[in-house]
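Below is one structure; the comments refer to it alone.
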Amino acid sequence: MNVTEQIITILMVVLGTMVTRFLPFLVFPSGKPTPKYIQYLGKVLPAAVFGLLVVYCLKGVNIFAGSHGIPELISILLVVLLHLWKRQMLFSIAGGTICYMILVQVVF
């Protein structure tokens, strides 16, 4: 990319970021109640996104080859246990990720 294309790209990224940050405040001002369907999406989308991530992460696991999915299973169990114990999403995700990385780099 030449300098002009780089500047245009940076401006488009800035514009896209600003639009996605400011648009919800313009569409749903603080003085008006949030529509019911937006409240519904706010309740169901986080679980749906995590379900999608779990399926995506496990789609390549072959239980009949390699480590047989054991590191993945151990890490999933750790995520569940950490979440039941502390109820902290980032703590649970970080713990499972660290566990998985240690297992695949050191153990398996």
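The values are calculated or read from the model by the stated rules, or taken from the named source; none is laboratory data. Since the structure is predicted, the reported quantities are computational estimates derived from the model, not experimental observations. No Cβ is skipped: glycine too gets one built from the backbone with ideal geometry, and neighbour counts run over all protein chains shown. What goes into the accessible areas is simple: the full protein's heavy atoms, side chains included, and nothing from ligands, DNA or RNA. Shrake-Rupley method; radii C 1.70, N 1.55, O 1.52, S 1.80 Å.
Which of the residues that make up segment 40-86 are part of a helix (DSSP H, G or I) and more than 19 Å from Thr97 (Cβ to Cβ)? Explain how you work it out, then say what you get.
Filtering segment 40-86 for residues part of a helix (DSSP H, G or I) gives 40-58, 70-86.
Listed by number, the residues that qualify are Tyr40, Leu41, Gly42, Lys43, Val44, Leu45, Ala47, Ala48.
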*Among the residues of segment 60-79, is there at least one that is under 16 Å from the mean Cα position of the chain (by Cα) and free of Cβ contacts under 8 Å to residues at least 24 places away in the same chain?*
yes
*Pull up segment 18-39, narrow it to residues that are open to solvent by less than 70 Å² (accessible area, probe 1.4 Å) and part of a helix (DSSP H, G or I), then point me to the one that is nearest to Ile76 (Cα to Cα).*
Ile38
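When only residues in segment 94-108 that are open to solvent by 70 Å² or more (accessible area, probe 1.4 Å) and assigned to a helix (DSSP H, G or I) count, which is modelled with the lowest pLDDT? Before you say what the answer is, go through the steps one by one.
Step one: filter segment 94-108 for residues open to solvent by 70 Å² or more (accessible area, probe 1.4 Å), giving 97-98, 100-102, 105-108.
Then drop every residue that is not assigned to a helix (DSSP H, G or I), which leaves 97-98, 100-102, 105-107.
Working: Thr97: 95, Ile98: 97, Tyr100: 95, Met101: 96, Ile102: 97, Gln105: 95, Val106: 95, Val107: 92.
Here the residue is Val107.
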*Evaluate the following for Thr9: is it at negative phi and open to solvent by 70 Å² or more (accessible area, probe 1.4 Å)?*
no
